[in-house]
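For reference, the structure discussed in these notes is given below.
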Amino acid sequence: MRWPSVRQIAPLSTEEVGPEDPAAGPAARMAAADVVDGAELLRRYPVSSLDGANPALRQRLSAPPQNAYIDGTWAAVTNAEWTVVTTALRGAAETLDALSDALLAESVLHYVSGNASRAAAAMDASGGGGPLDPDLDVLGVRQAGRTLTHNVAAVIGAQATGWSTTRPRALADPRLEAWAARRLGSPADIVAGEGPDGLLTLADAGLAALDLVFADDLASFERDLRAALPGLGDLATDVAPSWPDGAIPATTALALAGSLRAIAAGARPLTPDRLVIPGAPPQHVLDREELLGRCAALLDALEAALQVGAATVAAIDPLSHAVAESEVEAVRAAVQPLAAFGVALVPDPQVPTDMAWAAGAWEGASARFASATAMLTGLRSDPALTDDQVLDAAVTLAETVLGDGFPLLPVLRQVEGAGTDLADALTEPAFEQPAPARVAAFVRDHASVHRGVATLAEAQLLGRATGRPVALLPVQLTLRETDGTATPGTDRWLAGELPDGLPWPAHPVRHLLLELLGTPEQASDDIAGLLIDSWVEMLPYQPGPRAVGEGSADTPLREARATTGLAVHAHQASARAPQVILSAVSADGSRWTTESVIGAVRSAITVAKARLVTYENLPGDAAVLPATYVASPWLQARTGLDFSELAHIDWGAVAYPFVTEVD
Amino acid sequence: MATIDPIRITTSKVSAELAQIVDRLQFREPPAMVRLEPDSVTGEPAPGTEARIADPAWLLGRQWQLGELFGEDAGTVVSVTVSSRALPVTAWAPLGTGDLAEAQWRPWQPGALLEELVQDVPALGLGAGLRQRAEAGAQLVEMLEDAGESALAAALAGRYPLALAPDPLAIEEPVPGETPAEREAREAQVAARDALDPAAKRLLAVLGGTVPDGAAIAAEAAAGAPSWLAEASDSATAGAVLAAWRQWLTGDTGSGYAWDVERMEYRFALRFGDEQHPVVARATQFGAATVRWSDLEWVPNASPELPEGAAAGAPVTTTATMLATPLRYPAMPADRYWQLEDGRVDLGAMEAQPHDLARLCLIEFAMTTGDDWLQVPVDGLLGAVNQVLTVSLTDTFGDTTEVGELTDPAFAMYRVTDPRGAALPGVVLPPVAADIQTGSAVEEVLFLRDEMANLAWAIEQTVTARSGDPRPRSDEPRPAADPWPAGLTPTERVYRLQSRIPEHWIPLLPVALRTGQLSLRKGALIRTVFAPDGSRGPGDGEEIAPVGVTLSPRPLTFPGEEIPREGVALRALPMLARRADGRYVRWVGYRVGTGSGEASSRLAWDAALSITDLAHPPA
């Protein structure tokens, strides 16, 4: 076939294939070998050049290509081959034409939509082959654009507490501790194992719920547990009949805590803008001082923990890190307080007297302390920082001290007199609450596509399985029209069914799925929260209040409507008012007549037409055409005509006989 | 007056009068009158687009020049009346072979979404994932509890216990007669497998015995009413709950089976209209996110019978009169010459080279014809062929003009055509979702050609683990290097028939099923397993099978043209959309994308390897 020749005419040069590397393994990415550049081929040999007796391309293809493997017997192109070639090229030309049209339409769409950058991208793709999303928007059908903003969050009263108030993580965020404690249940119902005097539970260990949530793995959790419960036997893994009702083994609680960690690591602190109708002014404000105060308290706690071990660690030989066997326990105790900050304490079981692990842990914690202290100093010294910047920096500080994924939840203070939309929606919901299974189905449906909701779904599943179910509460922040006035809420669950004939609220809607710690009334006080996930849903066509209210047009398309469009080309009447004021003075002092007014206007038009003839278009003649002349010594000085002479010329019936309109 | 020299006025020959006038004029010395000139002397268009101003005569002249002073015998259009007809969708059919004559038509259910029916691949849905089975079971439990059947719900976990799918390559139970070394090797395999999917055992530890297996319940319910329904306090209510749960779990029972894995595309047909006005369109190359008119092909003269249960599909005719709205868009140039432009308009900043035709066309549209267009919103029926019957314009004088449709065979958008290019009258609005939310891929397969090995590969990049979570197969540990044969000295070489290939690279071998037509058929490499003592271990010599659903059919033969040089990336994504009635529907479907070029597997045969080659094979 003739394709070797075609490749030589218009090769498509892609990135060069790299040299063979015998050490390289299987590679799933390699550049394509050179192929034919169809656009270039058509540029050189357009479709119009393919007709005729002996077209140039046919001559070219009949010539032998430069290929060492082809001997001298290269036959001329047969008629059958030529038909194949021309058919392929005509098809390519049609494809190219269609593609050009589509890209032009795409650029017009984005241009009229106000998206100049995407319009430019489409034009660049058309003109120069630039990259472009192959999923052209112009081919799509746009449906009516009502949206529903979803937020999934945990809202926690500012005064809530959990298992511990003194452990570092609980100190850093008592609200998060309260949230984890509610999810995990009572520590007295989590059995660690048998001790010398009977069952030992996490209540005996004095751990915080967040210690369980942020435990790295089972081994590190067991180390912490044994440090807190020295007489602990085997770690409990199964429920024993003798346990109290509802008790679960610590390993099961650890599995549930793993789900909570996934939620916390993927969530963000709840901010005031999420607690109001979209676009409405916030009704809460972030308490900076409280947030920075907690950061300082956390650092104080870390400093105190470092002080406990400072002297002991300093006494360790920095070269050998070896201590006497009798000192091993003292070193272990000296660094043990750091475990509560997430510092890994992993002794070497083969060489128990090697304290490199302890010295390394202490030094690492000390470096964390120095870094976090510098951050806090910077935060306090810059009053120009915004709330968001302070929050981001505080979260970074907490992660520096306590490890990645630890969210720091700011307390949101209720703004006095600003309204209590969230509390109102919680205490007086305008719609009937859906059954728990429907809410669960909503969570499970969205867990398949939203990562944050997936973590919540797992926590819900494990929580129910371990006898610690947590209810989720749908809340809707919007306004509905009641007798012409806007009333908070709406009378149906907007994430549920959408019956025919019911209008969508005219105001923006925020749908919140809340895990609420505390009573609904407490939401009007200071709160904190964890934003687990958020997204905006584009809804199927929803009629507005005027589309289905009284007096609305009865249309069979009401319920399944999509808006299409016709473009009608209709020449618009293009006459416009003149943008000059004609001040006419009767030449001979006589009164104006209709005829003389029309004559003056026409004369002005004629003067205007003549004015358009400029020096450049008509050198010489134009010098005497009407225009504005100014006497100006600083403009380009030149010899000019004395137009006062024109007053003495008899112009006759035609104003300017030397000016002729050209159609 | 002074004598000026050498100034000479040039006059045109055709204007004798001008010559006479000039003769009578006298010259004056500076400071003379200087004429204000707004015109460009360089020929640059920029001064013109800047719309400089000068004296009133100039302003008036420019208005005349731009046509603003011309009265026309035309009124301004004030209203547009559009009458249209919609032929609603009445049936659909998956097209296995693409042949419409063999299509099994299914009635269109009101409110259904085309994507949920077409894209759904049931095998990818619930699957064997522990998480999905547990979630499904827990949902049924909660629904039964809401219905007051708590006792029935509590018993389900015992009837349908959750368990992880068995893994023949990593057996957890002790094997009778195994040696300590074999046991250690087996446990290492189990540990390695669990490390790839740590969630599986964590979930099972908590959920086992407390949550029922939803997949097992669904399988039993599909075969008939389960026996435990009789134990309900209200069997009818429990039965209704079970039916609602199945609807939630699996969606429309008629969905799926439009996916052709060998062609890597969805194939389906839609039937619109009643018995008198049937319209059939089919899609045979669909693999994108949402169905568009451009995915469809009109099948003229096809008139399949309406399936049982289908709606009548009577045409919906509407007439609407709307105010005529001139086309307006952000940064639209003003339609008058001297008018303050929108702040975003900067005509002087436009740059276009003569060969940049697209840009020139766009500029011309904006500058010259943008204000001669009316935009008329026309309500259409989603899920119908919407045909505009008449369009009439009424202007300020009360005149009504009926306008026809532009027919340009060289340019047609939004028109579904038949294979020969004839356009179906009207606009097809497929019954698609307003928004489809997608999650992370549950399966990803990359199809690439490997010219050096003279075959293609299907590379399983992501599969669903036993926990139900996606996991990358590239994380799987590579097998240990083969032991050096006991009888060989280190200076000798060992013969290997074939180099090792990662287990998630599935070979596609070229076969010629028809003369001159290349196809790529799924093959299998043979697993090599050495026992700790150097002998062949369990599983040695077995075929390496794909793990995922996508490549599981056998035989599986891809036509050669379906795997081009740039390759194909196939992703199975969970999707969620909302029907018009507000119900959410979920499904898992494929998206087809472009691959990443060619592959290099380093597959080689007949190698004599040194001890170094054997100990350190290519990574």
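Gap in Å between the Cα centre of the range B:64-98 and the Cα centre of the range B:253-268? A separation of 35 Å, based on Cα centres. Once the Cα-Cα distance is subtracted from the 0.36 nm per residue extended length, the A:Ser326 to A:Asp137 segment shows a gain of 60.6 nm. P(r) for the range A:116-237, from all Cα pairs and a bin width of 10 Å, is 11, 27, 16, 8, 10, 15, 10, 2, 0 %, short bins first. Between the amide H of B:Thr325 and those of B:Gln375, distances stay under 5 Å, these residues lying 5 or more places away or on another chain, with hydrogens modeled in the peptide plane. For the range B:226-348, the C-alpha radius of gyration divided by 2.2 N^0.38 Å, with N the number of residues, is 1.91.
Between A:Ala495, A:Leu477, A:Gly518, the Cα set farthest toward the positive side of the dipole of the range A:440-548 (charges on each charged residue's Cβ, about the Cα centre) is that of A:Ala495.
Note on B:Leu25: accessible area is roughly 10 Å² with a 1.4 Å probe, heavy atoms of protein only. The rule of thumb for compact globular proteins, 2.2 N^0.38 Å, goes into the C-alpha radius of gyration of the protein assembly as shown 1.21 times. Please report the antiparallel percentage of DSSP beta bridges with both residues in chain A, rounded to the nearest 5. Antiparallel bridges: around 75 percent, rounded to the nearest 5. With no solvent and one equal point scatterer per Cα, compute the Debye intensity ratio I(q)/I(0) for chain B at 0.06, 0.08, 0.09 Å⁻¹ and report its log10, rounded to two decimals. Results for chain B at q = 0.06, 0.08, 0.09 Å⁻¹ read -0.57, -0.85, -0.98. For A:Asp224, the solvent-accessible surface computed with a 1.4 Å probe is close to 50 Å², ligands and nucleic acids excluded.
How far is the Cα center of the range A:246-289 from the Cα center of the range B:101-144, in Å? So the two Cα centres are separated by 32 Å. Placing +1 on each Lys and Arg Cβ and -1 on each Asp and Glu Cβ, with no other charges, gives the range A:400-474 a dipole about its Cα centre of roughly 400 debye. For the range B:77-156, the relative contact order works out to 15 percent when only alpha carbon pairs closer than 8 Å and six or more residues apart are counted.
What you get for the protein assembly as shown, charging only the Cβ of Lys and Arg (+1) and of Asp and Glu (-1), is a dipole of about 1580 debye around the Cα centre.
Hydrodynamic analysis of the range A:319-370 uses the Kirkwood radius over alpha carbon pairs. Inserted into Stokes-Einstein at 25 °C and 0.890 mPa s, it gives a translational diffusion coefficient of 218 µm²/s. For the protein assembly as shown, what does the helix formula give at 222 nm: sum of -39500 (n - 2.57) over DSSP H segments with n ≥ 4, over the residue count, nearest 500 deg cm²/dmol? Only helices count here, giving -9000 deg cm²/dmol. Answer rounded, prolate or oblate for chain A, using the Cα gyration tensor with square roots of eigenvalues a ≥ b ≥ c: rounded when a/c is under 1.5, else prolate when a/b is larger than b/c, else oblate. Prolate, since a/c reaches 1.5 and a/b exceeds b/c. Rolling a 1.4 Å probe across all protein chains gives B:Trp587 an accessible area of roughly 10 Å².
Reported value for the range B:216-279: 151 Å³ per residue, from the convex hull of its C-alpha atoms.
Each of B:Val299, A:Ser366, A:Phe341 was scored by the projection of its Cα onto the charge dipole of the protein assembly as shown, and the greatest displacement toward the positive side belongs to B:Val299; charges sit on the C-beta of Lys, Arg, Asp and Glu.
Per residue, the average separation of C-alpha pairs within less than 8 Å and at least 6 apart gives chain A a relative contact order of 16 percent. Kirkwood hydrodynamic radius computed over the range B:354-507 comes to 24.2 Å, based on all pairs of distinct alpha carbons.
Based on Cα contacts under 8 Å between residues 6+ apart, chain B shows a relative contact order of 18 percent. If only the Cβ of Lys and Arg carry +1 and only the Cβ of Asp and Glu carry -1, the dipole of chain A around its Cα centre is close to 1800 debye. Placing unit charges on the Cβ atoms of the charged side chains and taking the dipole of the protein assembly as shown about its Cα centre, the candidate lying farthest along the positive direction among A:Ile605, A:Leu275, B:Gly158 is A:Ile605. To put it simply, the accessible area of the range A:343-440 at a 1.4 Å probe is 54 percent carbon and sulfur.
Could you run the Debye sum over the Cα atoms of the range B:90-156, one equal point scatterer each and no solvent, and tell me log10 of I(q)/I(0) at q = 0.13, 0.14, 0.15, 0.23 Å⁻¹, two decimals? Scattering profile of the range B:90-156, log10 relative to I(0): -0.64, -0.70, -0.74, -0.96.
The values are calculated or read from the model by the stated rules, or taken from the named source; none is laboratory data. Because the structure is predicted, anything quoted here is derived from the model rather than measured. For neighbour counting, all protein chains shown are included, and Cβ atoms are generated from backbone atoms with ideal geometry for every residue, glycine included. Only protein heavy atoms, including side chains, enter the accessible area calculation; ligands, DNA and RNA are left aside. Shrake-Rupley method; radii C 1.70, N 1.55, O 1.52, S 1.80 Å.
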